[in-house]
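Since the structure comes first, as structure tokens, the remarks are kept for the end.
The values are calculated or read from the model by the stated rules, or taken from the named source; none is laboratory data. This one's a predicted model, so the numbers in the text were calculated from it and none came from an experiment. Virtual Cβ from ideal backbone geometry, glycine too; neighbours counted across all protein chains shown.
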Amino acid sequence: MKINYDCIRDVLLSVRDQEEYGDLHSDFFTESLGDKYSFHELANAVSLILYEGLAVGDYPTGNMDGNYDYIIRFLTVSGDQFINSVKDDSVWSKAKEEVKNNPIQTLFSFAQIAVSFFR
């Protein structure tokens, strides 16, 4: 599946914007972002966020009925730095344009590019 950086950003923003600490399950993301992204796009975004160490949680797992659940517990320091650097729409647009012109291999690389535009 193609990486959807907008989905990743929106997932991270929704985690950061929570006022109370607690596990955020797949239902939370489906309810808050399901009008913009499919369940599979959200699950893929969460998988990449966890894999790159931007948040702590549980990877998507499924049952025999094909229902998947995943959890984000909290952002890591790296996740917080990343989302603080790309919360501004103009910085986000510049970072996405840079990535479009110079394909990258990891979300961490994208974060480094975004931070450079933020400074």
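Any residue in segment 1-29 that is at pLDDT 90 or above and in a loop (DSSP other than H, G, I, E, B) sitting within a Cβ distance under 6 Å of a residue that is among the aliphatic types (A, V, I, L, M) and surrounded by 13 or more Cβ atoms within 10 Å (Cβ to Cβ)? List the pairs, counting only those 6 or more apart or interchain. Qualifying pairs under 6 Å: D23/I71.
When you scan segment 42-49, do you find a residue that is modelled with pLDDT of 90 or more, surrounded by 16 or more Cβ atoms within 10 Å (Cβ to Cβ) and farther than 18 Å from Y5 by Cα, even just one? No. You will find that of D23, D35, the residue that is in contact with a strand residue (DSSP E or B) (Cβ under 9 Å, 6 or more places away or on another chain) and among the acidic types (D, E) is D23 and no other.
Determine which member of the set V86, V77 is of a type in the set (A, V, I, L, M) and surrounded by fewer than 19 Cβ atoms within 10 Å (Cβ to Cβ).
Working: V86 fails: surrounded by fewer than 19 Cβ atoms within 10 Å (Cβ to Cβ).
It is V77.
Could you go through segment 53-61 and let me know if any residue there is of a type in the set (D, E, K, R), in a helix (DSSP H, G or I) and modelled with pLDDT of 75 or more.
Quick first cut of segment 53-61, residues of a type in the set (D, E, K, R) only: 58.
Adding the requirement that they be in a helix (DSSP H, G or I) leaves none.
No: segment 53-61 contains no residue that is of a type in the set (D, E, K, R), in a helix (DSSP H, G or I) and modelled with pLDDT of 75 or more.
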